[in-house]
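The values are calculated or read from the model by the stated rules, or taken from the named source; none is laboratory data. These figures come from a predicted structure and were not determined experimentally. Cβ coordinates were reconstructed from backbone atoms using ideal geometry, including for glycine residues, and neighbour counts include every protein chain displayed.
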Amino acid sequence: MTEDPLVDIARRLLEEIGEDPTRDGLRDTPKRFARWWREFIDYEPGSLDTLFESIGTSQLVVVSDIQVWSLCEHHLLPFKCAVTIAYRPGEKLLGLSKFARVAHQCAHRLQVQERLVDQIALEISTLSGTADVAVIAKGEHLCMTMRGVKAAAQMTSTAYRGDFGTDPKLRGELFDLLRA
C-alpha cells in the first residue's frame with residue numbers, strides 16, 4: 001500500500017480488469033490517475049473578485065461557446081458542454097473572463113448538466129447583482145456515447161432567471177443573437 005489512497009484505488013482497478021499495474025506502460029498510471037483526479041477536483045479558476053461598476057445599461061450581454069468538461073456523477077465519466085451565458089448588467093459589470101471562470105468552477109466537480117446550468121446562473125446573478133440571467137448548455141455525455149445505448153447525442157439544458165424566465169421577447173432576442 002502507498003500513502004495515497006487514490007494510487008491504491010487505481011492499482012486495484014487495473015488488477016480488477018485483468019491488467020498488471022507493474023508492466024511497462026502501466027507502472028506510473030496509478031500515480032497519473034491520482035494526480036488527474038486531484039487536479040480536476042481541486043481546480044482553481046482564478047479570482048472572481050474583480051468586478052466593474054455598472055454603466056447604467058439594460059443591454060443584453062451574451063458570452064457563448066465556453067467549453068467546459070465535467071464528470072457525470074452517475075458513472076464518473078466525462079461530459080463536455082458548450083455553455084452560453086447571457087445577462088443584463090445590474091449593479092456590477094462582469095469582465096469577460098469571469099464567465100469562463102464561473103462555468104469552469106461549477107463544472108469541476110461531480111455533476112449533472114441540469115444542476116450545472118442552475119449553479120452557473122445563480123453565481124452570475126450573485127456576482128452581477130442582477131436577476132436577469134440565462135444559461136444554455138449543450139453537452140455530449142460519454143456515459144451515453146461509450147456505454148449503455150452507445151449513441152452520441154447532444155443534450156441541451158437551460159436556466160432562465162428574472163426577465164429571461166418571464167419575457168418571451170427577451171428570450172427571443174437571445175435566440176436571434178445565437179442564430180446570427
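Filtering region 88-145 to residues that are surrounded by 20 or more Cβ atoms within 10 Å (Cβ to Cβ) and of a type in the set (Gly, Ala, Ser) leaves Ala103, Ala107, Ala121, Ser128, Ala134, Ala137, Gly139.
Can Asp8 be described as touching a Pro at 6+ places or on another chain (Cβ under 8 Å), of a type outside the set (Lys, Arg) and in contact (Cβ under 8 Å) with a residue 12 or more places away in the chain?
Here the answer is yes, as Asp8 does meet what is asked.
One residue stands out in region 41-68 among those that are surrounded by fewer than 16 Cβ atoms within 10 Å (Cβ to Cβ) and closer than 30 Å to Pro5 by Cβ: the one that is modelled with the lowest pLDDT, namely Gly46. Of all residues in region 131-149, those being within 30 Å of Leu93 (Cα to Cα) and either among the acidic types (Asp, Glu) or without any contact (Cβ under 8 Å) to a residue 12 or more places away in the chain (or both) number 1.
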